[in-house]
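Working notes, structure below.
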Amino acid sequence: MKVLETSGHSGAQERSGGGVATSDKPTRAANPTTQRLIGDLEYILRLLRPSIHDDWFTVELTMPQLRALFALRRHGDCRMGIVANQLGTSLSTATGVIDRLVERGLVERWQDPADRRSNVCHLTQEGVDLAERLLTLRRREWEERLNGLTDDEAREAQRALTILLEGLERLGQEEADDSEDEEARSS
């Protein structure tokens, strides 16, 4: 099995020191294997980062607008609070981002009949088409890059990714359970 050499570009090294804690849980230093995995994943993502296509220039959307577009594609009809959460912004900032997408005809927004204080938004057909076109470009480029793997290498990579995904999903479920326990204690 071929192993990526990441010395000199390890993401774990780049991110150590000066980082901002995102959880109240105590953190433990990553062991060398985890640090290597982080570095390899960051390097893989850089290698798979699509080159800039002309289509990406012609959309004339900001990065937050693109992120909102893809979040709505992924989640369907969303309340503004969910959009804000997906963007990692305040509700007022997310509202501004969605306002621009509504002006462009990419998103529709309406008042939730069940809760008149809430707005729900979703992609228009034009928004769906744009998101699909951009994602298709990315998928084609990834296919071109990954077609260089032999069938055995591709199967081995898939097995490794399955292990990684299952571990991350397990961790995500544990965090959700912890959050529910904390919420129950505070009420």
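The values are calculated or read from the model by the stated rules, or taken from the named source; none is laboratory data. The structure displayed is predicted, hence computed values, not measured ones. No Cβ is skipped: glycine too gets one built from the backbone with ideal geometry, and neighbour counts run over all protein chains shown.
Computed values, structure above
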| quantity | calculated |
| --- | --- |
| Pair list, Cβ < 7 Å and 6+ apart or interchain, from segment 40-61 residues that are over 29 Å from residue 98 (Cβ atoms) and among the polar types (S, T, N, Q) to residues that are at pLDDT 70 or above and in a loop (DSSP other than H, G, I, E, B) | none |
| Test: residue in segment 140-147 that is modelled with pLDDT under 90, assigned to a helix (DSSP H, G or I) and more than 16 Å from residue 44 (Cβ to Cβ) | yes |
| Condition broken by residue 124, with the remaining ones in (1) surrounded by fewer than 18 Cβ atoms within 10 Å (Cβ to Cβ); (2) touching a strand residue (DSSP E or B) at 6+ places or on another chain (Cβ under 9 Å); (3) at pLDDT below 95; (4) closer than 15 Å to residue 68 by Cβ satisfied | (3) |
| Some residue of segment 115-127 being within 22 Å of residue 59 (Cα to Cα), assigned to a helix (DSSP H, G or I), among the small types (Gly, Ala, Ser) and within 15 Å of the chain's Cα centre (by Cα) | no |
| Whichever residue in segment 96-114 is assigned to a helix (DSSP H, G or I) and touching a residue at least 24 places away in the same chain (Cβ under 8 Å) and, among such residues, is nearest to residue 79 (Cα to Cα) | 98 |
| Options 132, 156, 143: the member that is surrounded by fewer than 16 Cβ atoms within 10 Å (Cβ to Cβ) and under 18 Å from the mean Cα position of the chain (by Cα) | 132 |
| Considering residues of segment 43-65 that are in a helix (DSSP H, G or I), modelled with pLDDT of 80 or more and out of contact with any helix residue (DSSP H, G or I) (no Cβ under 8 Å at 6 or more places or on another chain) only, the residue farthest from residue 130 (Cα to Cα) | 44 |
| All positions within segment 66-77 that are over 25 Å from residue 146 (Cβ atoms) and either at pLDDT below 90 or not hydrophobic (A, V, I, L, M, F, W, C) (or both) | 75, 76, 77 |
| Residue 131 vs. criteria at pLDDT 90 or above, part of a helix (DSSP H, G or I) and closer than 17 Å to residue 41 by Cβ | no |
